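Working notes, beginning with the structure itself.
What follows draws every value from the coordinates through simple rules; no lab data is involved. All of these numbers come straight from a predicted model, not from anything done at the bench. Virtual Cβ from ideal backbone geometry, glycine too; neighbours counted across all protein chains shown.
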Amino acid sequence: MGYFDPLYRKENIIGYTGTLNNNPTVYFVTECRDQTGTLKTQTVNGVNQILFWNGHITQAHNDPDNVGREQVSESYSYSITNVGPDKISGFDPRTLQPVQAQETYHQSEVPATNGYYPTPDGFTDIHVSRNPFIPVGPRDTATLDELAKSIARCPHIKRRYQRF
């Protein structure tokens with residue numbers, strides 16, 4: 001068994017960054033379910049929200065501690081979009097691509113990990129990829145088959161998280 005297998009499954013792949021046949025980073029999202037299979041929800045500002053798990057598998061990186069399965073986040077809001085350098089802060093503009101994937105996830109309680117910042121109704125984290133996001137639909141079976149290879153190649157959480 002690998003780290004967080006309920007998320008890291010072929011049917012939860014939504015897309016990738018990088019080159020398809022050259023160890024791309026693969027992105028996953030699915031609804032959170034409890035032990036009985038019931039959808040998990042959370043009340044946010046008086047509205048019941050479905051919770052989602054999200055994460056990605058990095059297959060190749062110049063930092064070996066950053067290869068493997070990302071620590072899973074549970075949030076009530078998730079998005080991934082391609083943005084230009086004018087929307088990305090905290091990076092050297094000379095290292096940025098014309099567009100890069102940016103994940104944003106939001107939750108009402110501060111998570112155990114650092115990196116989230118407070119907003120009026122909770123806490124948000126943003127992850128910027130090295131490359132643009134390429135979405136994959138459920139009928140693109142050849143691409144999904146190729147991306148699903150990452151699940152067996154990288155069954156463990158990234159070493160950067162194992163220090164804690």
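The table for this structure:
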| quantity | calculated |
| --- | --- |
| Amide H partners (placed H, <5 Å) of VAL44, local residues excluded | GLN49 |
| Extension gain, ASP145 back to VAL128 (0.36 nm per residue minus Cα-Cα distance, nm) | 3.6 nm |
| Cα-projected label distance for ASP5 with TYR161, points at 7 Å along beta-carbon direction, nm | 1.7 |
| Pair GLU31, ALA152: separation of 7 Å Cα→Cβ label points (nm) | 3.0 |
| Residue among PRO24, GLN49, HIS61 farthest towards the positive dipole end of the range 8-63, charges placed on Cβ | GLN49 |
| Long-range HN-HN contacts of GLY55 with modeled amide H, under 5 Å | PHE28 |
